[in-house]
């Protein structure tokens, strides 16, 4: 498979051959969904915690005698039935992450990348490099190649200029090829790659 190559100002500068195994994979929605759910679950911190009746602060003395008051019998002021009492079956710290086969994760990335290619939402640049760490230079670069909107910029390696110039642009994320993830891919309208990123992807996802 061949993809068109453009210069920093958006002019066509040739074509390069890419692997069909990565850039021309059939649609597979269940695999992509599985990878996205796995990624989001892995990001959850799981630090939520509520107090049970044994953990709520308060006296252990019985509020009133068992019989003769006309009120319901109560053994503790920490009862879940009372305001300020413990929580029944409340959330406790836990891990939400689980194992997903590496083959499934790789396949999901290939499917998402191939979908961008089919929809002509991929911009392949000779080299992504900025002279200065300035936001306006990054905006000019993206506008020049026609990637207006949410963009995922993937370079072979991310230098400081590229990182600093992109972090204040809403909807634009920069990542090194080995760090690509399904969440960023699905959330971006445009996928911007350079030649070195393509080589790294073909090495990582082979």
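The values are calculated or read from the model by the stated rules, or taken from the named source; none is laboratory data. This is a predicted model, so every value here is computed, not measured. Positions of Cβ are generated from backbone atoms using ideal geometry, with glycine treated the same way; all protein chains shown enter the neighbour counts.
Remarks
- Criterion: surrounded by fewer than 16 Cβ atoms within 10 Å (Cβ to Cβ) and in contact (Cβ under 8 Å) with a residue 12 or more places away in the chain - qualifying residue of 15, 11: 15
- Residue in segment 36-52 that is within 30 Å of residue 142 (Cβ to Cβ) and touching a strand residue (DSSP E or B) at 6+ places or on another chain (Cβ under 8 Å) present: no
- Of all the criteria given as (1) modelled with pLDDT of 95 or more; (2) more than 29 Å from residue 17 (Cα to Cα), the one not satisfied by residue 115 is (2).
- Subset tally (residues that are farther than 15 Å from residue 193 by Cα and in contact with a strand residue (DSSP E or B) (Cβ under 8 Å, 6 or more places away or on another chain)) for segment 116-162: 1
- Residues of segment 127-157 satisfying the condition of being closer than 13 Å to residue 177 by Cβ and surrounded by fewer than 18 Cβ atoms within 10 Å (Cβ to Cβ): 157
- Positions within segment 89-123 being free of Cβ contacts under 8 Å to residues at least 24 places away in the same chain and either surrounded by 12 or more Cβ atoms within 10 Å (Cβ to Cβ) or in a loop (DSSP other than H, G, I, E, B) (or both), in sequence order: 89, 99, 101, 118, 119, 120
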